[in-house]
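A.B. asks: The structure's right below; bear with me while I get my questions together.
The values are calculated or read from the model by the stated rules, or taken from the named source; none is laboratory data. On a predicted model such as this, the values are computed, not experimentally measured, just so you know. Backbone-built Cβ (ideal geometry, glycine too); neighbour counts: all protein chains shown. Heads up: the accessible areas ignore ligands, DNA and RNA and are worked out on the full protein's heavy atoms, side chains in. Shrake-Rupley method; radii C 1.70, N 1.55, O 1.52, S 1.80 Å.
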Amino acid sequence: MLAALSAFESFLMRWTLRAAMALLVLTCCVSLYQVVTRFIFEEPSTWSEVTARSLNIWMVYLGVAVAFRTGALMAVEFLFNRLHGGARAVLVAVIAGLSLGVLLVMVWFGWDMVGRVRFQMLAGVDNPFTGEGISIALVYAAVPVGAALAIVGLLARAAEQIRDALHARTSAPAPQEVYEV
């Protein structure tokens, strides 16, 4: 069962990272298009700035999910490196609990905001298929989606760290012998 959950989490984080990288590439391309139309053709695009900003927001929230999983965010290394065994596991659980609380608030209020703004449209951007506006709720949805994915990464990393802390050798390393020359 744990192997299946670990495989799912690994698959999810891999595709989340790939999506974030693809959004970074798209953001760069749209931003380049904006620069070319503004400064070379002297007729700025109406949609590219809003689109680049929206893609960037999604990229950041997807990237944060992967950052939680890999432990790339700011950490309490000073304390973490000085604690061992059960004390380290407790520290990891406390940090994960606080982070989980913040992420759950982001999911809850993020979905609330998505519902509140669903009738507002992005300025200057029209749906190329229908010609109608695009709801700004699609941009706001990055907050709860990214936070939900970050919860998966946070729980996976915390489980690994707690397992490692509890299964680590509790004895102090043997002192190194010093040889006189």
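A.B. asks: Given the structure, is Ala22 closer than 25 Å to Leu98 by Cα and part of a helix (DSSP H, G or I)?
C.D. replies: no
A.B. asks: Being among the small types (Gly, Ala, Ser) and open to solvent by less than 40 Å² (accessible area, probe 1.4 Å) is the filter; apply it to region 20-53 and report the residue that is nearest to the chain's Cα centre (by Cα).
C.D. replies: Selected residue: Ala20.
A.B. asks: Checking Gly71 against (1) at negative phi; (2) surrounded by fewer than 18 Cβ atoms within 10 Å (Cβ to Cβ), which test does it fail?
C.D. replies: (1)
A.B. asks: On the basis of being without any contact (Cβ under 8 Å) to a residue 12 or more places away in the chain, in a helix (DSSP H, G or I), farther than 24 Å from Phe8 by Cβ and out of contact with any His (no Cβ under 6 Å at 6 or more places or on another chain), does Leu98 make the cut?
C.D. replies: yes
A.B. asks: Quick one: which of Ala123, Ala142 is out of contact with any Pro (no Cβ under 7 Å at 6 or more places or on another chain), touching a residue at least 60 places away in the same chain (Cβ under 8 Å) and crowded, with 18+ Cβ neighbours inside 10 Å?
C.D. replies: Ala142
A.B. asks: Run down Arg118, Arg88, Arg69 and say which single residue is free of Cβ contacts under 8 Å to residues at least 40 places away in the same chain, in contact with a helix residue (DSSP H, G or I) (Cβ under 9 Å, 6 or more places away or on another chain) and either of a type outside the set (A, V, I, L, M, F, W, C) or in a strand (DSSP E or B) (or both).
C.D. replies: Arg118
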